[in-house]
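**Q** Before I ask anything, let me first share the structure, which is written out below as structure tokens.
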Amino acid sequence: MALPAYATPLERKWHVAFRVLCVLVFIFLVIPVLIVIPLSFNSEAFFTFPMPGVSLRWYDEFFGSERWMDAIKNSATIAISVTFLATSLGTLAALGLSRAGFPGRAAVMSILIAPIIVPVVISALGMYFFYNTLGLISTVPGIILAHTALATPFVVITVTATLTGFDHSLTRAASGLGARPLTVFFRVILPLILPGVISGALFAFITSWDELIVVLFIASPETRTLPRQMFSGIRDQISPTITAAATILILLSIMLLTTVELLRRRSEKLRGIRP
Amino acid sequence: MSRVEARAVRKAYGAVKALDGVSLTFEDGSFSALLGPSGSGKTTLLRAFAGFVTLDSGTIAIDGKLVNDVPPHRRDLGMVFQNYALFPHMTVAENIAFGLSVRGAARAAIAERVEAMLRLVRLEGFGARKPRQLSGGQQQRVALARALVTRPRVLLLDEPLGALDRRLRQEMQIELKQIQREVGITAIFVTHDQEEALTLADRVAVINEGRLVQVGMPGEVYERPATRFVAGFLGDANLFEGRVAGGRVAVGGGAIATEDALPTEGAPAILAVRPEKVVLAADAAGLDADLVNRLEGRIVQAVYAGSAITYIVEAGDRRLIVFEQNRAAAPLGPDTAVIAAFAPRHAVLVQP
């Protein structure tokens with residue numbers, strides 16, 4: 001984005017200022033995340049700079065602690081189940097809603113989207129009472145269902161976005177060629193909306209993976225998820241183990257995002273879309 | 001190869017009657033056009049054949065068997081869409097193979113059949129390409145091959161050449177007709193282009209406002225339009241509105257003779273005359289004796305179009321369109337006084 005030759009001095013100054021501003025905003029966004037990484041290598045139990053020395057003791061503690069390992073296992077189990085459920089349900093909902101002449105589309109859509117608009121504390125409180133009567137309180141399936149309700153809207157939104165502009169004559173062409181509805185879905189529709197489905201799945205996973213409030217309400221005291229463990233780690237005993245955990249989570253997120261982005265690009269190539 | 005039959009077919013979208021009691025039969029091996037302006041219901045009818053539209057009432061039968069309740073994937077029809085609807089994530093070969101592979105055909109049989117189809121549509125060697133790497137005409141041919149690969153009973157085409165430019169369109173018209181004959185399939189295509197309908201089809205069904213207006217061979221429909229709408233929609237027509245008087249139709253400034261049986265004396269009647277049937281002459285001496293309908297006027301405008309010239313002639317308070325082959329040494333200029341003449345057999349009685 002080079003400046004054109006006819007730029008005025010003021011435009012030139014703004015050009016530079018704009019870049020500086022962008023960098024500052026970027027730093028502001030990333031610093032809180034990155035600051036944790038050096039702290040996790042601190043040899044002492046302080047959260048301050050300069051660090052007296054460097055060690056891996058907090059990582060040692062993290063991997064050696066049954067609590068942390070348990071939390072990771074719980075979180076993974078829940079998040080993966082939620083991803084699977086929310087992606088399936090959300091994709092189906094988006095497909096149905098995209099049909100021409102779906103009755104009350106706007107109303108149904110707003111009900112489906114409601115969980116991301118209503119403050120989570122309110123959802124969590126409601127779920128607490130509702131799940132109590134259903135006997136789902138203090139159970140892992142209860143957490144999975146609650147997280148699915150929170151995560152599904154993201155899938156509905158991303159898949160709906162991919163479906164706008166979807167050429168419905170492709171569906172007709174496929175069924176005209178003798179494909180049963182299920183075959184049409186798996187061989188024509190799904191490959192084409194896969195990027196939206198993958199993004200939705202990623203959102204669903206993240207939603208469950210770092211959800212704290214619902215867990216605080218619904219989970220039994222023994223069911224520790226990663227966010228809950230971190231939360232209590234800060235509240236009860238300020239232990240730098242949390243910085244090690246955070247560093248690992250950051251790396252995990254970066255890896256996840258990269259993988260998904262690569263997958264998405266590959267499938268875009270497959271569906272024959274021009275870059 | 002099959003016979004398709006629609007009986008009293010009705011379909012409304014809200015208050016709009018897309019199909020308002022259409023009955024129509026397509027004979028085995030015929031190539032028919034559903035011709036009409038946009039919104040006339042022609043595409044709805046085609047989709048009803050394919051099973052994408054649920055009818056309000058009426059029946060559709062293929063080979064004498066009612067198919068109203070048969071879902072699209074079990075109707076065994078081939079369909080070509082206006083935008084081709086090729087699967088963008090599959091290669092040309094995979095697109096063509098789709099119909100066979102969903103039927104669980106053997107791999108080797110599929111490959112062989114796909115090769116044969118690529119040969120039929122003259123696209124050998126294009127199998128590994130993606131649809132977007134092909135030109136419009138090539139995509140059109142892939143769509144055709146994909147529709148024909150399963151040897152369907154009927155081939156349905158929705159504005160098959162609508163997205164192609166004029167030149168390619170003419171080429172594809174010839175090719176399409178050739179392939180249809182070669183395969184011997186019953187084909188029905190929808191178009192709003194009267195020229196395409198006349199060139200391609202051996203039977204033309206004109207549809208307007210959800211109703212069937214006229215069915216016949218291209219020559220019949222063009223030469224003997226049944227209604228004022230058909231006369232105006234298929235090509236151009238000079239219309240003479242008047243009342244029956246003494247075996248002729250009295251219009252402002254004279255009476256027009258026709259060979260058609262006219263309604264009773266005094267009843268309103270409309271005659272249609274095709275522009276190319278009208279002859280222009282400087283004086284009555286140069287005109288054949290059978291051109292008894294003569295109107296004096298002058299040329300308002302001459303539109304030069306290479307092989308032909310279109311004249312707008314003002315005769316009294318009416319304007320006539322006249323097509324002439326570009327044979328004269330010099331086209332007639334504006335303001336030339338002329339006599340426009342045509343034979344009674346070219347004045348066709350049409351319904352309002």
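The values are calculated or read from the model by the stated rules, or taken from the named source; none is laboratory data. The structure presented is a predicted model; accordingly, all values stated were derived computationally and were not measured. FYI the Cβ positions are ideal-geometry reconstructions off the backbone, even for glycines, and counts take in every protein chain you see. Please note that ligands, DNA and RNA were not included when accessible areas were found on the heavy atoms of the full protein model with its side chains. Shrake-Rupley method; radii C 1.70, N 1.55, O 1.52, S 1.80 Å.
**Q** Hydropathy first: keep DSSP H helices in chain A averaging at least 0.0 on Kyte-Doolittle, then drop any whose Cα extent along the axis falls short of 30 Å, and list what survives.
**A** A:9-34, A:66-97, A:140-163, A:241-270
**Q** Please return the longest stretch of chain A lacking exposed loop sites, where GluC sites (Glu not before Pro) count only if DSSP places them in a loop and at most 12 other Cβ atoms lie within 10 Å.
**A** A:45-221
**Q** In addition: Please give the length that would be gained between B:D63 and B:D317 if that part of the chain were fully extended, namely 0.36 nm times their separation in residues minus their C-alpha to C-alpha distance (nm, one decimal).
**A** Length gained between B:D63 and B:D317: 86.0 nm.
**Q** Express in % the proportion of alpha carbon pairs of the stretch B:248-352 at distances exceeding 24 Å.
**A** Result: 24 percent of Cα pairs exceed 24 Å.
**Q** Something else: Can you give me the Cα centroid spacing of the stretch A:36-52 and the stretch B:218-296 in angstrom?
**A** 101
**Q** Here's another thing I want to ask about it. Kindly identify the stretch A:177-275 as rounded, prolate or oblate by the Cα gyration tensor criterion: order the square roots of the eigenvalues as a ≥ b ≥ c, call it rounded if a/c is under 1.5, otherwise compare a/b with b/c, prolate if a/b is larger, else oblate.
**A** Here the stretch A:177-275 falls in the oblate category.
**Q** Extension gain B:A289-B:Y13, at 0.36 nm per residue separation less the Cα-Cα distance, in nm?
**A** 93.9 nm
**Q** Here's a follow-up. Along the charge dipole of the protein assembly as shown, pointing to its positive end and built from +1/-1 on Cβ of Lys, Arg, Asp and Glu, which listed residue (B:Q178, A:P195, B:M117) has its Cα farthest out?
**A** Farthest towards the positive end: A:P195.
**Q** Over chain B, how many percent of alpha carbon pairs lie in each 20 Å bin up to the one with the longest distance?
**A** 26, 46, 24, 4
**Q** Am I reading the A/B interface right? What is its buried accessible area, both sides, 1.4 Å probe, to the nearest 100 Å²?
**A** Buried: approximately 2000 Å² between B and A.
**Q** Would you mind checking B:K17/B:K277; B:K42/B:K65; B:K17/B:K65; B:K65/B:K177; B:K17/B:K130; B:K11/B:K130 for any pair whose Cα atoms are more than 30 angstrom apart?
**A** As for pairs spanning more than 30 Å Cα to Cα, those are B:K17/B:K277; B:K17/B:K130; B:K11/B:K130.
**Q** Counting only the heavy atoms of the protein chains, how much of B:K277 is accessible to a 1.4 Å probe, in Å² to the nearest 10?
**A** Surface open to solvent at B:K277 totals about 40 Å².
**Q** Also, I was wondering about something else. How much of the accessible area of the stretch B:55-139, probe 1.4 Å, is carbon plus sulfur, in whole percent?
**A** Percent of accessible area from carbon and sulfur atoms in the stretch B:55-139: 49.
**Q** If you don't mind, another one. For an R0 of 45 angstrom, estimate the FRET efficiency from the Cβ-Cβ distance between A:S239 and A:R266 and round to the nearest 0.05.
**A** Efficiency at R0 = 45 Å is approximately 0.60.
**Q** Oh, and also: Counting helices only, and only those DSSP H runs with n ≥ 4, report the 222 nm mean residue ellipticity of chain B as the sum of -39,500 (n - 2.57) divided by its residues, in deg cm²/dmol to the nearest 500.
**A** After summing the helix terms and dividing by the residues of chain B, the value is -7000 deg cm²/dmol.
**Q** Let me see the pair-distance distribution of the protein assembly as shown: every alpha carbon pair, 10 Å bin width, integer percents in order.
**A** 3, 12, 16, 15, 14, 13, 11, 7, 5, 3, 2, 0, 0
**Q** Let me spell out the model: positive unit charges on the Cβ of Lys and Arg, negative unit charges on the Cβ of Asp and Glu, origin at the Cα centre of the stretch B:108-182. What dipole size does that give, in debye rounded to 20?
**A** The calculated dipole for the stretch B:108-182 is roughly 60 debye.
**Q** Equivalent-ellipsoid semi-axes (√(5λ), Cα gyration tensor) for chain A, whole Å, largest first?
**A** For chain A, the ellipsoid semi-axes come out as 38, 32, 18 Å.
**Q** Another question, then. Is the stretch B:149-220 best put as rounded, prolate or oblate by its Cα gyration tensor, with a ≥ b ≥ c the root eigenvalues, rounded for a/c under 1.5, and otherwise prolate when a/b is larger than b/c, oblate when not?
**A** oblate
**Q** For the stretch B:31-75, take N as its residue count and report Rg(C-alpha) divided by 2.2 N^0.38 Å.
**A** Scaled against compact globular proteins, the figure is 1.20.
**Q** Could you rank B:D76, B:D290, B:D317 by how accessible they are, 1.4 Å probe, largest area first?
**A** B:D317, B:D290, B:D76
**Q** Enter the mean number of other protein chain beta carbons within 10 Å of the beta carbon of each residue in B:94-102, as an integer.
**A** Mean partner shielding for this stretch: 4.
**Q** Counting alpha carbon pairs within less than 8 Å and at least 6 residues apart, what relative contact order, in whole percent, applies to chain A?
**A** For chain A, the relative contact order is 29 percent.
**Q** Dipole size in debye (nearest 20) for the stretch A:67-270 around its Cα centre, Lys and Arg Cβ +1, Asp and Glu Cβ -1?
**A** 520
**Q** Once Lys and Arg get +1 and Asp and Glu get -1 on their Cβ, which of B:S307, B:V230, B:A289 lies farthest toward the positive end of the dipole of the stretch B:195-352?
**A** Farthest towards the positive end: B:V230.
**Q** With the other protein chains left in place, how much accessible area per residue, in square angstrom, belongs to chain A at a 1.4 angstrom probe?
**A** 57
**Q** Identify, among A:M69, B:G36, A:A94, the residue whose Cα sits farthest towards the positive end of the charge dipole of the protein assembly as shown, taking +1 on the Cβ of Lys and Arg and -1 on the Cβ of Asp and Glu, with the dipole about the Cα centre.
**A** Of the options given, the answer is A:M69.
**Q** If Lys and Arg each add +1 and Asp and Glu each add -1, what is the summed charge of the other residues whose beta carbon sits under 15 Å from the beta carbon of B:Y222?
**A** Result for the local shell: -2.
**Q** Then there's this: With r defined as the distance between the Cβ atoms of A:H168 and B:A116 and R0 fixed at 41 Å, what FRET efficiency is calculated, to the nearest 0.05?
**A** 0.85
**Q** Taking the DSSP beta bridges in the protein assembly as shown as the whole, what percent of them are antiparallel, to the nearest 5?
**A** 75
**Q** Quickly rank A:18-28, A:181-191 as a protection proxy: mean count of other C-beta atoms within 10 Å, highest first.
**A** Top to bottom by mean Cβ count within 10 Å: A:181-191, A:18-28.
**Q** Could you state how much accessible area A:L3 has, in square angstrom rounded to the nearest 10, with a 1.4 Å probe and all protein chains kept in place?
**A** Number for this one is 60 Å².
**Q** Please get the size of the charge dipole for the protein assembly as shown, origin at its Cα centre, with Cβ charges of +1 on Lys and Arg and -1 on Asp and Glu, quoted in debye to the nearest 20.
**A** Roughly 1100 debye, rounded to the nearest 20.
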